Amino acid sequence: MSVLSQGAVIAAFVAAVAAIAGWFVAHHLQVRRIDDERRAKAELAFLERQIEELYGPLSSLLWEGRRNFEDLCLSLGRNHVFPEDGVLPDDELRTWLYWSESEFLPRNERIRELLKTKAHLIHGADFPPSYIEFFRHAASWATHHRRWKDEKVPYSWRSTVAWPVMFEVDIHRSFQELKARHNLLLGRVCAGG
């Protein structure tokens, strides 16, 4: 075999190796892109469930509840419900009981149900402390109120556990974080990865 034909064989061999290597690299990049796209779509679907089934409804219920509380305070002519001594005059007690039974207690129950039935959608690895405080607040108030209605056992007309302000903050923050992540992923998925 002549030097010229040996050179041609070597060149053909190098070209074949380069083509095979190029194919493997291209294939690997394509598989990786497809896998990244699949993961992004799965994460997007989970985020949509979190927003649609849990954090959207929770955030809406809390905004609604905040507005109702402000309306109640407006009707009482102050920025709080209970005076320092904790005793409401009869007419204010009737107003409080109306708002409690028609708005606050049922809304707390809807929030409790969402958190119990959609716990797998909670943002993070565990129940945040403010969520646990919400459960404590809602359970205390509902139990005492039911006992008053059923057995006429007097109580202070409210939960023994204060409303956890951080619960609202945590829910709204999670909703905003999930929406931001959703928008980012949606842009990636729609752009093709």
- Query: Has the range 170-191 got any residue that is exposed (fewer than 12 other Cβ atoms within 10 Å of the Cβ) and under 27 Å from L72 (Cα atoms)?
  - Reply: no
- Message: I'm trying to understand the selection: among the residues of the range 160-193, which are free of Cβ contacts under 8 Å to residues at least 12 places away in the same chain and over 16 Å from G124 (Cβ atoms)?
- Response: V165, N183, L184, G187, C190, A191
- Task: Scan the range 1-21 and give yes if some residue there is surrounded by 10 or more Cβ atoms within 10 Å (Cβ to Cβ), touching a Pro at 6+ places or on another chain (Cβ under 7 Å) and assigned to a helix (DSSP H, G or I), otherwise no.
- Result: no
- Message: Yes or no: the range 27-44 includes at least one residue that is modelled with pLDDT of 90 or more and either farther than 21 Å from A119 by Cβ or touching a helix residue (DSSP H, G or I) at 6+ places or on another chain (Cβ under 9 Å) (or both).
- Response: yes
- Message: W63 - would you say it is closer than 24 Å to P106 by Cα, outside any loop (DSSP other than H, G, I, E, B) and open to solvent by 60 Å² or more (accessible area, probe 1.4 Å)?
- Response: yes
- Message: Among the residues in the range 133-144, are any more than 24 Å from the chain's Cα centre (by Cα), of a type in the set (K, R) and either under 16 Å from F104 (Cβ atoms) or surrounded by 18 or more Cβ atoms within 10 Å (Cβ to Cβ) (or both)?
- Response: no
- Within the range 98-127, considering residues that are at pLDDT below 95 and of a type outside the set (F, W, Y), the one surrounded by the fewest Cβ atoms within 10 Å (Cβ to Cβ): A125
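The values are calculated or read from the model by the stated rules, or taken from the named source; none is laboratory data. This is a predicted model, so every value here is computed, not measured. Glycine also receives a Cβ, built like all others from the backbone with ideal geometry; neighbour counts cover every protein chain displayed. These area figures cover heavy atoms from the full protein model, side chains too; ligands, DNA and RNA do not enter into them. Shrake-Rupley method; radii C 1.70, N 1.55, O 1.52, S 1.80 Å.
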